[in-house]
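The structure under discussion appears below in the form of structure tokens.
The values are calculated or read from the model by the stated rules, or taken from the named source; none is laboratory data. In this text the structure is predicted, and so the values were computed from the model without any measurement. Using ideal geometry, Cβ is built from the backbone for each residue, glycine included, and neighbour counts are taken over all protein chains shown. These accessible areas exclude ligands, DNA and RNA; they are computed on the full protein's heavy atoms, side chains included. Shrake-Rupley method; radii C 1.70, N 1.55, O 1.52, S 1.80 Å.
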Amino acid sequence: MTVTVVGTDVRSGGGRRVRGGLWWPALVNLLLGVPAMVPLFLARWLLVEYLPMDCRTVAEATRPGLTHCNYSTLDHADGVMFLLAVSGLLVLVLVAVVDVLLPLRRRGRLGWWLGAAGLLPAPFATALALA
């Protein structure tokens, strides 16, 4: 599928064919949202499961009076934090390359790509709404 939009490029001063328009940045950022689901899911897990707990270590879990302390959540928290840092960094690098470096290199409209980056959480929000 090839989308061609005829428009004027202000920098070149004449009529230049601008390929794709706003469709390519939107489509690419929606596709980037699929791998971005991993760090978004891990961040949601930390906010929903780990942060509301009253304890932070297994030693604290034996204290009386703690109501919301889950051993399996404590056991998985370190791995989830590590995976969140690694996957989040990979997705940030990928987004920086696709939404900033490539449009600058190809002399594309950076504003369109950065504006379309708001669509990154859309696949995660859709999956969360359907679950």
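Some values worked out for this structure:
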item	result
Diffusion constant of the stretch 11-131 at 4 °C, which comes from Stokes-Einstein with the Kirkwood Cα-pair radius and 1.567 mPa s, µm²/s	76
Charge context of THR57, other residues only, Cβ under 14 angstrom, K/R +1, D/E -1	-2
Charge sum, other residues only, whose C-beta stays under 15 Å from ASP75's C-beta, Lys/Arg counted +1 and Asp/Glu -1	-2
Accessible surface of the stretch 10-131 [probe 1.4 Å, protein heavy atoms]: carbon and sulfur percent	70
Rounded if a/c under 1.5, otherwise prolate or oblate - the stretch 72-126, Cα gyration tensor axes	oblate
Two-site FRET efficiency, THR67 against VAL34, from Cβ-Cβ distance with R₀ of 30 Å, rounded to 0.05	0.20
Calculated FRET value between TRP24 and VAL100, using beta carbons and R₀ = 22 Å, to 0.05	0.90
Local net charge near LEU42, Cβ-Cβ under 14 Å (Lys/Arg +1, Asp/Glu -1)	-1
